[in-house]
Amino acid sequence: EYLDMMHNHTRELFTDIHLMRVTKQLKSLISSEYVHETPNMSHKKVKKEQGTKVNTKRGNQKIVHLEEEIKKLERKASSRNQENDKLRLQLVQLEKNVSIRENMYQKIYEKWEADPVSENKMKQIMTRQKLVDTVRSQEKELSTLREELDILRQRTFPSFVCATRDFLANPDVS
């Protein structure tokens with residue numbers, strides 16, 4: 001089956017080659033040997049060489065540009081690594097500070113638990129602070145309510161100061 005397919009393909013290719021239209025270019029290509037170059041071919045070679053020169057120049061420019069980009073990225077990476085090192089040192093220092101403060105608070109808390117008088121004193125301080133906070137919030141509420149009451153009074157009982165002033169003026173003079 002495969003051989004039949006290959007046989008048909010070569011027969012069609014052979015027929016296509018026989019039926020191909022022979023042009024001047026094709027005739028000159030067939031008649032000339034590849035050793036001899038036509039002027040057309042040398043022109044094409046020159047164009048190809050120019051194209052390769054341009055492509056190599058562009059390639060070199062891209063390489064230089066990419067090398068510069070790599071250097072920039074390496075500088076950024078090194079600066080970020082330095083910054084990360086600084087941040088790691090800060091983190092270590094902060095962790096030490098936190099552990100020291102935790103120890104301090106723990107000792108203070110242990111001291112208060114050991115002394116029931118100081119625990120009662122702390123409770124009194126906390127309740128007093130809560131009372132002071134509630135007093136402040138209630139004072140704020142009272143002041144806002146008083147302002148709202150003044151606004152409502154002005155709506156219900158408007159002042160006629162402007163009207164009395166116009167009434168006392170001379171009606172003949174306009």
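The values are calculated or read from the model by the stated rules, or taken from the named source; none is laboratory data. Please read all numbers here as calculations on a predicted model, not as lab measurements. With ligands, DNA and RNA removed, areas are computed over all heavy atoms of the protein, side chains included. Shrake-Rupley method; radii C 1.70, N 1.55, O 1.52, S 1.80 Å.
Here are some notes:
Residues checked against (1) open to solvent by less than 100 Å² (accessible area, probe 1.4 Å); (2) modelled with pLDDT of 80 or more; (3) part of a helix (DSSP H, G or I):
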position: LEU13; (1), (2), (3): yes, yes, yes
position: ARG21; (1), (2), (3): no, no, no
position: SER28; (1), (2), (3): yes, no, yes
position: GLU33; (1), (2), (3): no, no, no
position: LYS48; (1), (2), (3): no, no, yes
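- Across segment 99-137, the number of residues qualifying as modelled with pLDDT of 95 or more and within 41 Å of the chain's Cα centre (by Cα) comes to 0.
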